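Worksheet: the structure to be examined is printed underneath.
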There are 4 protein chains.
Amino acid sequence: MDVFVYGERRSLPADFHEFLTVSDTAIVSIDLHQGHLADTPDCPCPAPRAREVVEGVNRFHAAARALGIPIIHIKSVVRSDGSDDVNGIKSAWRYVFPLYVGPIPNSDQHAIEGSRWTQFVTEVADEDKVVQTKKRLSAFYPTDLDFLLRNMGVKRLVLNGCMTDCCILCTAFDASNRNYRVITVRDLVAGTNDELESAALKIMSLNTGLVMDSQDLIESWRVRRQRRSA
Amino acid sequence: MDVFVYGERRSLPADFHEFLTVSDTAIVSIDLHQGHLADTPDCPCPAPRAREVVEGVNRFHAAARALGIPIIHIKSVVRSDGSDDVNGIKSAWRYVFPLYVGPIPNSDQHAIEGSRWTQFVTEVADEDKVVQTKKRLSAFYPTDLDFLLRNMGVKRLVLNGCMTDCCILCTAFDASNRNYRVITVRDLVAGTNDELESAALKIMSLNTGLVMDSQDLIESWRVRRQRRSA
Amino acid sequence: MDVFVYGERRSLPADFHEFLTVSDTAIVSIDLHQGHLADTPDCPCPAPRAREVVEGVNRFHAAARALGIPIIHIKSVVRSDGSDDVNGIKSAWRYVFPLYVGPIPNSDQHAIEGSRWTQFVTEVADEDKVVQTKKRLSAFYPTDLDFLLRNMGVKRLVLNGCMTDCCILCTAFDASNRNYRVITVRDLVAGTNDELESAALKIMSLNTGLVMDSQDLIESWRVRRQRRSA
Amino acid sequence: MDVFVYGERRSLPADFHEFLTVSDTAIVSIDLHQGHLADTPDCPCPAPRAREVVEGVNRFHAAARALGIPIIHIKSVVRSDGSDDVNGIKSAWRYVFPLYVGPIPNSDQHAIEGSRWTQFVTEVADEDKVVQTKKRLSAFYPTDLDFLLRNMGVKRLVLNGCMTDCCILCTAFDASNRNYRVITVRDLVAGTNDELESAALKIMSLNTGLVMDSQDLIESWRVRRQRRSA
């Protein structure tokens, strides 16, 4: 089976069962909501490249559900009075991202509780789970994700969503620090641009776990399931 | 004053006082110990490029001490019975980093409590502080750093050390998620290689805070101090 | 001004400004919702003694709002699929509390997301804040309360609600461990019974901070505010 | 097998395997060090009642080691410059405990790193583990205990040490909130006085897990082990 090591497609040696075993695996899909994906001028925190992974993520999630793998959708939600962001201590990206891209109109509306910017663009099935107190770059802090994963007995996390070089990368760090085995799905994440997306995937391939394509991962899971049933 | 935005040296606009104010600032120096820096074949987790920042870090710390800015040295230490790494749940890098660089001889000795691999190469002054329960990539988890910073009333962190694309980057994410204002010192961090070091600095310049050179930062602090005394 | 030390009403010495200063204080009101307070046979986790503090809590909150002190209402909410309690790792109280009180009918419905059991009985004003991912005994874990408090710049917490000898006591421990100055409002908390309520207040008076009556606290705040305005 | 429910010795019903299974159990022994136990006038934070459990704790630990159950000794250690307590934000007990017991001479020396006050009075075997960044009332925050337990695969915690009504109780809350199954060893913990010790045990018996005597627990473990070997 193939993985990407420092951007190069290679065959994975044996002894990676801890990452690839199907049981106790969960998928964590990060921030595929209108606040990043809306194709309108008032999108508060645009991640246009991530619109291209939505269809693939939906297919991947459908295949995972068929294998009994739970899916956890994460979304950023901040209190509508701004107390935990713009009217409290502002997120760092609000200071520095505009130095690169210029002013971000409507960014104050990003992730506002109750607004349409917190609606998922991807399909959320009844049996899926939602974590909705992400407020900064990580899916782990300050949320109940780690608590939920413990309760579910999860040991392996598979990450998709946006953006590869901030929330995905930060979550991959947090997950591996907490001893979860992490796989980042190369074709189902999207970054700020090609350069940082590629670099973030290289960093994850050296430090946080495996980087794989969705087809390879689904195929690997199916083979393992069949082998067990045989 | 100049900062680096996406790798480009640029003049910083006003309104970054939250990052640059001298009071309530602390320096966090990460993993500049023998386990990464020893120039011997048995160095358990070699980061040879980081040897080149040691002298600069020492000078920077001396200048900071003269300004009354506290310095916190972080080191990785794991229990000598291996219970929190090689004999427990192994760090992810132990699986995937060798896919890129090949086998790392002696890596099992990395950060072993009581070994010489946990000795700092940089100068540690009597008034400096040490955090010594780093066990994965972050200086925050599972350590008492956040607790210490609260007790000290710190609001601003300045990061140096190694490696730019893993422990520095991960710590910058964790710090900014916890609402600390973060400055990464461009010339006092060292990464796996030029490509990932440069990419990690770009990522930090967009998401976690400012990226600056040490001379510029020291100069900025001196000006602010003098202005206040005037 | 009077406090309760080990159950005895006494005059507080000076030097407790850190606890009593009005600025950077927030009120944390714990679990005053239908799941504990409903006076019906299907109440999933009855805390009938707490019904008696509701009116006083409402009055206290109104007085606090008039002084500009923010109010944070905490409620227990678990996912409706039971993944983070009854169908995951069950809360410890589900095992041991019935050894004392016998079976608790309908307890599986406790705190179910979207159910009426998560509705507050106390008044929640528009400007109040809500934390709604409490899942065990503490208001801090696994919630975003600490993150919210940091953003608000809060240093002092005033606790009311139920139950004195579990969620209030546990939250007082967590808050003081995190260096918040804690006041527990003696007449606005309710415990399992007189014995444990009294004991929990004694424990808090020795370890986590001050124990005071609501009238004394409001009066102290008013005096401090007037003194400052004078 | 017998447990204590609200202070009353009773036979435990079946279905408590999650608490009593031997595998994945660890003992957490809290703060049995000179800082609490020294029988000298300069003992910085005296817990004289706890001196009476030392011998029993040693015997209990020896029996547990013979069963292969790991032992984790927790001690309070604060930086010698006082930055994380007396010269930072002071522990709450420093304010309020003296309101009850009067001035505590030498309390500033409590838990000072490198001092004799951090030496264990109980026996620490080579194979035991030590957690040494406890700084407030909990063994969990801000320490690496939770991280260590995850690495060890621990699911069940058995608590002994001092004091029943503060650090033991607080740790029992934290452990049960994090989904560990908790047993507090009734005859191997010591509290401030009889009243609060007894009340704290009652609180734990209703909310955090089981309360048992050491002999009963050892006997239960032995029976389970033999049954498995049979």
Test set (1) more than 14 Å from chain A (Cβ to nearest Cβ); (2) closer than 18 Å to residue C:33 by Cα; (3) among the basic types (Lys, Arg) - residue C:155 fails condition number:
(2)
How many residues are over 12 Å from the mean Cα position of the chain (by Cα) and closer than 27 Å to residue A:59 by Cα when one looks only at the range A:139-163?
13
Any idea which residue in the range D:131-152 is farthest from the other protein chains (Cβ to nearest Cβ), counting only those that are polar (S, T, N, Q) and assigned to a loop (DSSP other than H, G, I, E, B)?
D:143
Please work out if residue D:15 is over 15 Å from the mean Cα position of the chain (by Cα) and either at pLDDT 95 or above or buried (at least 21 other Cβ atoms within 10 Å of the Cβ) (or both).
no
Being out of contact with any Lys or Arg (no Cβ under 7 Å at 6 or more places or on another chain), at pLDDT 95 or above, closer than 25 Å to residue D:99 by Cβ and of a type in the set (A, V, I, L, M) narrows it down to one of C:182, C:211, C:131, so name that one.
C:182
Looking at the structure I just gave you, is residue C:203 modelled with pLDDT of 95 or more, closer than 24 Å to residue C:11 by Cβ and buried (at least 22 other Cβ atoms within 10 Å of the Cβ)?
yes
Is one or more of the residues making up the range D:75-94 within 17 Å of the chain's Cα centre (by Cα) and closer than 19 Å to residue C:208 by Cβ?
yes
Take the conditions closer than 16 Å to residue D:104 by Cβ and within 14 Å of chain C (Cβ to nearest Cβ) and apply them to residue D:47. Does it pass?
yes
Can you name the number of the only condition in (1) more than 14 Å from chain C (Cβ to nearest Cβ); (2) within 14 Å of the chain's Cα centre (by Cα) that residue A:177 fails?
(2)
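To keep it simple, each residue is scored yes or no on (1) acidic (Asp, Glu); (2) under 22 Å from residue B:172 (Cα atoms).
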{"site": "B:81", "(1), (2)": "yes, no"}
{"site": "B:93", "(1), (2)": "no, yes"}
{"site": "B:102", "(1), (2)": "no, no"}
{"site": "B:109", "(1), (2)": "no, no"}
{"site": "B:119", "(1), (2)": "no, no"}
{"site": "B:123", "(1), (2)": "yes, no"}
{"site": "B:133", "(1), (2)": "no, yes"}
{"site": "B:137", "(1), (2)": "no, yes"}
{"site": "B:143", "(1), (2)": "no, yes"}
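Yes/no matrix, rows are residues, columns are (1) touching a Pro at 6+ places or on another chain (Cβ under 8 Å); (2) crowded, with 24+ Cβ neighbours inside 10 Å; (3) farther than 24 Å from residue C:134 by Cβ:
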{"position": "A:122", "(1), (2), (3)": "no, no, yes"}
{"position": "A:126", "(1), (2), (3)": "no, no, yes"}
{"position": "A:129", "(1), (2), (3)": "yes, no, no"}
{"position": "A:183", "(1), (2), (3)": "no, yes, yes"}
Given (1) buried (at least 22 other Cβ atoms within 10 Å of the Cβ); (2) part of a loop (DSSP other than H, G, I, E, B), index of the condition residue B:36 fails:
(2)
Output the qualifying pairs, or none if there are none: Cβ atoms under 7 angstrom, residues six or more apart or on different chains, first residue in the range A:8-27 and part of a helix (DSSP H, G or I), second residue charged (D, E, K, R) and surrounded by fewer than 19 Cβ atoms within 10 Å (Cβ to Cβ).
A:20/A:224
Output the number of residues of the range C:60-81 satisfying the condition of being without any contact (Cβ under 8 Å) to a residue 24 or more places away in the chain, surrounded by 15 or more Cβ atoms within 10 Å (Cβ to Cβ) and not in a loop (DSSP other than H, G, I, E, B).
0
Which condition breaks for residue D:120 when tested against (1) within 30 Å of residue B:71 (Cβ to Cβ); (2) touching a strand residue (DSSP E or B) at 6+ places or on another chain (Cβ under 9 Å); (3) not aliphatic (A, V, I, L, M)?
(1)
Give me a count of the residues in the range C:92-130 that are in contact with a Cys (Cβ under 6 Å, 6 or more places away or on another chain) and facing chain D (nearest Cβ under 10 Å).
0
So the check is Cβ under 8 Å with 6+ separation or different chains; which pairs have a first residue in the range C:144-172 that's at positive phi and a second one that's part of a helix (DSSP H, G or I) and among the aliphatic types (A, V, I, L, M)?
C:161/C:50; C:161/C:53; C:161/C:57; C:161/C:168
Which of the residues belonging to the range B:97-117 are among the polar types (S, T, N, Q) and either under 18 Å from residue A:208 (Cα atoms) or in a loop (DSSP other than H, G, I, E, B) (or both)?
B:106, B:107, B:115
How about the range C:39-58: which of its residues are surrounded by 15 or more Cβ atoms within 10 Å (Cβ to Cβ) and out of contact with any Ser or Thr (no Cβ under 7 Å at 6 or more places or on another chain)?
C:43, C:46, C:47, C:49, C:50, C:51, C:53
So, residue A:122, is that one at pLDDT 95 or above, under 21 Å from residue C:145 (Cβ atoms) and of a type outside the set (D, E, K, R) or not?
no
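For every residue, the table says whether it meets (1) more than 14 Å from chain C (Cβ to nearest Cβ); (2) out of contact with any Gly (no Cβ under 8 Å at 6 or more places or on another chain).
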position	(1), (2)
D:2	no, yes
D:9	no, yes
D:15	no, yes
D:26	yes, yes
D:32	yes, no
D:35	yes, yes
D:38	yes, yes
D:52	yes, yes
D:59	yes, yes
Quick one: what pairs do we get from the range C:202-223, first residue under 15 Å from residue C:25 (Cβ atoms) and more than 9 Å from chain D (Cβ to nearest Cβ), second crowded, with 23+ Cβ neighbours inside 10 Å and among the aliphatic types (A, V, I, L, M), C-beta under 6 Å, 6+ apart or different chains?
C:212/C:3; C:212/C:183; C:214/C:185; C:214/C:188
Determine if the range C:95-102 includes at least one residue that is surrounded by 14 or more Cβ atoms within 10 Å (Cβ to Cβ) and either among the polar types (S, T, N, Q) or farther than 30 Å from residue D:182 by Cα (or both).
no
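The values are calculated or read from the model by the stated rules, or taken from the named source; none is laboratory data. If you're wondering where the values come from, they're calculated on a predicted model, not measured in any experiment. Quick reminder, even Gly has a Cβ in these numbers, built from the backbone with ideal geometry, and neighbours come from all protein chains shown.
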